[in-house]
Every structure is written in structure tokens, then in C-alpha cells.
1. I'd like the Karplus ³J(HN,Hα) series for segment 47-61: coefficients 6.51, -1.76, 1.60, θ = phi - 60°, whole numbers in Hz, and an x wherever there's a Gly or Pro.
2. Once all Cα-Cα distances of segment 17-80 are split into 5 Å bins that start at 0, what whole-number percent is in each one?
3. Which of the trypsin sites (Lys or Arg not before Pro) found in segment 15-92 are loop residues per DSSP with 15 or fewer other Cβ atoms within 10 Å of their Cβ?
4. Report, largest value first, the span of the C-alpha coordinates of the chain along each principal axis, in whole Å.
5. With viscosity set to 1.306 mPa s at 10 °C, what whole-number translational diffusion coefficient in µm²/s follows for segment 54-98 from Stokes-Einstein and a Kirkwood radius over Cα pairs?
6. Once phi is turned into ³J(HN,Hα) by the Karplus curve 6.51 cos²θ - 1.76 cosθ + 1.60 with θ = phi - 60°, what whole-Hz value does each residue of segment 140-153 show in order, with x for glycine and proline?
7. Would you kindly state how much longer the chain becomes between LEU42 and LEU146 on full extension, computed as 0.36 nm times their sequence separation minus their alpha carbon distance, in nm to one decimal?
8. When only C-alpha pairs under 8 Å and at least 6 residues apart count, what is the relative contact order of segment 2-97, in percent?
Amino acid sequence: VAFFAAYALGGLMTATAVLMVAAVAVLALGYAMERRIARMPLITAVVVLILGGLTLWLNDETFIKRKPTVVYLAFAAVLLVGQMTGRSLLKSLLEMALNLNAEGWRRLTVRWGFFFIAMAVFNEVVWRSFSTDVWVKVKVFGFLGLTFLFGALQIPLIRRTTLPDEPPDTPKDDSQR
């Protein structure tokens, strides 16, 4: 939202600078609240700072337009390589909210990995084929909308693969101790 508002008021270079500040602010806020820096915002911030910095330094909007592609491909790589090596990184991020069986975590991870690849391709098509105005609108509203829609479409898988709640511990009699 800050990126879109800054773009509307001052153009892509202003929006890029605002995005860079916002990325650092998100990291600082996350650290202040949780006393740790989460992986995904850190990856995003690093890419924003590098590509945003190149955009401003070289006065070339191509770098910031490639930022979503790089971020999406990084997320896809982290998820899919983790899955191939037997580590469900999606599970480590979401296990506090979801209690899925192993197949559920595997399928959800693979789905999100391929979704991020598709989003990277979509970003490349949009920024190379349309005006900067169109790209900004798609980046801010289209990517967010598609991500929410894709997440909502995962609900049936989540419901099918959610493990049943464990019954509360029953008291044991003295003969079992």
C-alpha cells in the first residue's frame, strides 16, 4: 500500500525509496515484537534493498520490476529444495497454526512452491509487456489478490489432512505407574 501511494504521489523512484524504508521498518517491528527476524521478511528486505538500491543508484526501473520475480523464485527454491531434502520449511513456519499430516505438509509445500514459480513468470510477463502504471497496479492489487485466492483454494487440502485433536490426558490409575 505504501508503495502504491508513493507511486501515485511521486512516481516509481519515490515508491522504490518508500518500499526500501518500509522493508527495514517491517524487520525492525518484527524484531521488536518477537525478538527475532523471520526468514521470509528478511529475504524480501534483502532483495528490496539490493534491487531498490540499484534502481535508485542507476536510475533504472528494471531492477525494482524484477524484485517480485527474485523474491518469488527465492521462496519457491526454499520451499521446494527444503521439501526435496526432507525438511518442510512451510511446516516450520505454520505448524503453530496448522496441524497437518506429513502428506498434507508435502502437498501444501509443493503447491506453494509452484505457485511462487507461476507468480514469478506472471511478474516477468506483466513488467515486460505492459506500462509501468499497469505493472504497479498488478503488483499491488493483482499479486495480493492472487495470493489470497490461492491460499483460500488450499482450504480443502488443509481440512482433509488436518490431524484430529488429541484427547486430553486421562488420569492413570496406580497400577499403570
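1. 5, 4, 5, 5, 6, x, x, 5, 4, 6, 5, 8, 6, 10, 5
2. Bin by bin from 0 Å, the calculated values are 4, 19, 25, 21, 17, 10, 3, 0.
3. Details: sites: ARG35, ARG36, ARG39, LYS65, ARG66, ARG87, LYS91; in loops: ARG35, ARG36, ARG87.
Those satisfying the criteria are ARG35, ARG36, ARG87.
4. 77, 34, 28
5. On the way: Rh = 12.4 Å.
The Stokes-Einstein estimate is 128 µm²/s.
6. 3J(HN,Hα) across segment 140-153, in whole Hz: 6, 9, x, 5, 5, x, 5, 5, 5, 4, 4, x, 5, 5.
7. Values: separation 104, 0.36 × 104 = 37.44 nm, distance 2.22 nm.
Value of the extension gain: 35.2 nm.
8. Values: 77 pairs, mean separation 18.9, N = 96.
Contact order relative to length: 20 percent.
Any read-out appearing in this document is the output of simple, stated calculations on the displayed coordinates, not a laboratory observation. Since this is a predicted model, take the numbers as computed values, not measurements. Cβ sites come from the backbone with ideal geometry, for glycine too, and all protein chains shown count toward neighbours.
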